[in-house]
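Written below as structure tokens is the structure these notes are about.
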């Protein structure tokens with residue numbers, strides 16, 4: 001239990017660092033590229049992510065889960081055999097995916113992208129396909145050992161290089177045209193991934209655990225049996241991620257097209273799409289530094305508890321993860337809902353994106369719950385359940401966007417509302433699956449009502465703090481700088497007063513902080 005929480009905290013620390021850098025990057029890249037340039041980048045990026053999913057084929061998740069199971073059985077030698085088979089599979093699949101993507105580049109640029117100026121950006125991303133796939137195999141291995149530090153270190157390095165290189169190249173190439181500036185941002189992504197992979201390779205070569213000497217080891221499984229174990233889990237994970245990326249790619253094509261049907265020009269539609277995905281979604285996804293870290297740490301921890309048939313430990317893991325998700329996600333969504341224009345103005349210089357953010361924030365708590373619950377289901381070996389839930393919700397979203405985005409009175413705001421509904425559907429379906437498969441039933445008072453009460457008490461403190469500072473100084477940025485910490489402090493105090501956080505939680509945090517510091 002402590003290893004899971006410690007690993008999650010390590011990833012959260014790295015995620016927090018990356019989010020801060022990512023915010024700075026997003027603020028400056030929007031000021032360099034503008035909404036249209038951000039729209040171009042986000043037209044190309046979903047297709048790149050789709051290629052990444054195909055290249056890794058869900059194998060890193062399988063490595064993490066199967067490695068954790070073998071470690072729980074004290075059979076590190078078999079864990080290495082699983083890694084070797086999985087890595088060989090990733091090498092072959094990644095190289096094939098890269099070759100097919102290069103061959104398909106003319107077709108994608110001509111018939112898929114709604115704006116052909118995204119071609120240079122997409123072409124610059126292609127070298128990253130194999131790099132990310134190979135690095136993800138090593139990350140999966142260390143995550144299976146419940147060692148999250150290598151993942152945290154390499155992700156932080158990737159972000160540093162991406163920010164420095166992406167901003168520098170985008171700024172240098174902007175005079176040549178907007179498509180060249182977006183190509184510079186894309187090259188920054190690839191250079192960051194290359195730096196992370198180089199460091200991960202060094203960590204594996206120097207710090208991987210040695211196989212201990214034993215009088216006898218269990219008989220090794222045949223290679224084909226290992227491959228079957230890998231792909232039994234990897235295939236549904238791949239299908240889930242592939243479906244997510246397909247629908248994300250459909251959004252990148254469908255939304256700008258339907259916005260044009262509502263009467264917007266190509267440039268206006270690309271800019272509105274850039275405000276949705278480059279500004280509003282960036283802020284809504286920021287609290288996912290908690291949930292994605294939890295989901296990553298949960299897969300091996302849940303797999304180990306499941307392999308040893310320790311149901312009380314399994315329920316404690318699920319309870320802690322879902323509770324941390326609610327405690328962190330609710331106040332963040334409340335801030336985004338209360339101050340959307342102010343945040344978009346201060347961070348990006350586009351207060352009009354706040355209308356999109358305010359609607360999208362309604363789906364924030366469901367998004368965060370969805371991410372954590374998906375990690376639990378994958379750790380249990382039920383990776384097909386998130387796939388089914390994703391497909392159901394995404395079909396709703398695609399049909400909704402097709403009709404709503406073309407309405408002149410709604411267009412991009414209607415698209416944000418449909419997206420929020422999409423997150424809600426997945427979260428509710430995941431919750432039903434967890435209850436059915438594990439019998440886990442959280443206490444609604446402790447897990448929902450008390451955090452909601454603390455969040456409701458925080459809202460007037462946050463709003464009044466912002467209003468008074470803004471009226472006194474006429475500075476939106478200064479008002480946010482004062483109001484946000486004031487809101488966070490009031491929320492923490494209300495958690496203690498309502499009993500949503502008790503002395504045991506504080507003692508656990510103190511112990512983990514001491515362990516982390518050492």
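The values are calculated or read from the model by the stated rules, or taken from the named source; none is laboratory data. These numbers come from a predicted model, not from an experiment. With ideal geometry, Cβ positions are generated from the backbone for all residues, glycine too; neighbour counts draw on all protein chains shown.
Kindly evaluate residue 19 against the criterion of being part of a helix (DSSP H, G or I) and at pLDDT below 80.
Against the criterion (part of a helix (DSSP H, G or I) and at pLDDT below 80), residue 19 qualifies.
Would you check if residue 341 is at pLDDT below 90, in the same structural domain as residue 420 (by TED's automatic domain parsing) and in a helix (DSSP H, G or I)?
The answer is no for residue 341.
Does residue 11 satisfy the criteria of being part of a helix (DSSP H, G or I) and modelled with pLDDT of 85 or more?
When the stated conditions are applied, residue 11 does not pass them.
All but one of (1) closer than 28 Å to residue 17 by Cβ; (2) modelled with pLDDT under 90; (3) buried (at least 23 other Cβ atoms within 10 Å of the Cβ) hold for residue 118; state the number of the condition that does not hold.
(1)
In the range 66-76, which residues are farther than 11 Å from residue 142 by Cα and assigned to a helix (DSSP H, G or I)? Full working, then the answer.
We begin by selecting, within the range 66-76, every residue farther than 11 Å from residue 142 by Cα; these are 66, 69-76.
Across the range 66-76, the qualifying residues are 66, 69, 70, 71, 72, 76.
Considering 128, 144, which residue is under 30 Å from residue 31 (Cβ atoms) and touching a helix residue (DSSP H, G or I) at 6+ places or on another chain (Cβ under 6 Å)?
Checking each option against the conditions leaves just 128.
Does residue 102 satisfy the criteria of being exposed (fewer than 14 other Cβ atoms within 10 Å of the Cβ), part of a helix (DSSP H, G or I) and not assigned by TED's automatic domain parsing to the domain that holds residue 273?
So residue 102 fits the description; yes.
Specify which of the listed residues (76, 50) is within 18 Å of the chain's Cα centre (by Cα), assigned by TED's automatic domain parsing to the domain that holds residue 149 and surrounded by fewer than 24 Cβ atoms within 10 Å (Cβ to Cβ).
Only one candidate qualifies: 50.
Could you tell me how many of the residues in the range 139-164 are over 22 Å from residue 16 (Cβ atoms) and at pLDDT 90 or above?
Within the range 139-164, residues that are over 22 Å from residue 16 (Cβ atoms) and at pLDDT 90 or above number 0.
What is the number of the single condition among (1) in the same structural domain as residue 341 (by TED's automatic domain parsing); (2) modelled with pLDDT of 90 or more; (3) surrounded by 18 or more Cβ atoms within 10 Å (Cβ to Cβ) that residue 494 does not meet?
(1)
Picking from 172, 134, which residue would you name as being part of a helix (DSSP H, G or I) and farther than 27 Å from residue 379 by Cα?
Within the list 172, 134, the selection yields 172.
So, in the range 165-187, exactly how many residues are in contact (Cβ under 8 Å) with a residue 24 or more places away in the chain and more than 24 Å from the chain's Cα centre (by Cα)?
Residues that pass the stated criteria total 7.
Condition first: over 21 Å from the mean Cα position of the chain (by Cα), part of a loop (DSSP other than H, G, I, E, B) and closer than 26 Å to residue 87 by Cα. Can you find one or more residues in the range 138-159 that meet it?
Of the range 138-159, the ones over 21 Å from the mean Cα position of the chain (by Cα) are 145.
Those left that are additionally part of a loop (DSSP other than H, G, I, E, B): 145.
Checking the rest, the ones that are also closer than 26 Å to residue 87 by Cα come to 145.
Looking for residues that are over 21 Å from the mean Cα position of the chain (by Cα), part of a loop (DSSP other than H, G, I, E, B) and closer than 26 Å to residue 87 by Cα, one finds at least one in the range 138-159, hence yes.
Matching residues to (1) closer than 26 Å to residue 321 by Cα; (2) crowded, with 17+ Cβ neighbours inside 10 Å; (3) modelled with pLDDT of 90 or more:
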| residue | (1), (2), (3) |
| --- | --- |
| 410 | no, no, no |
| 418 | no, yes, yes |
| 443 | yes, no, no |
| 455 | yes, yes, yes |
| 474 | no, no, no |
| 479 | no, yes, yes |
| 485 | yes, no, yes |
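Residue by residue, here is whether (1) in contact with a helix residue (DSSP H, G or I) (Cβ under 6 Å, 6 or more places away or on another chain); (2) crowded, with 17+ Cβ neighbours inside 10 Å holds:
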{"residue": "310", "(1), (2)": "no, no"}
{"residue": "314", "(1), (2)": "yes, yes"}
{"residue": "320", "(1), (2)": "no, yes"}
{"residue": "327", "(1), (2)": "yes, yes"}
{"residue": "332", "(1), (2)": "no, yes"}
{"residue": "345", "(1), (2)": "yes, yes"}
{"residue": "349", "(1), (2)": "no, no"}
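Can you name every one of the helices (runs of 4 or more DSSP H) wholly within the range 377-477 that holds 3 or more residues which are within 19 Å of residue 284 (Cα to Cα), assigned by TED's automatic domain parsing to the domain that holds residue 323 and out of contact with any strand residue (DSSP E or B) (no Cβ under 7 Å at 6 or more places or on another chain)?
384-404, 411-438
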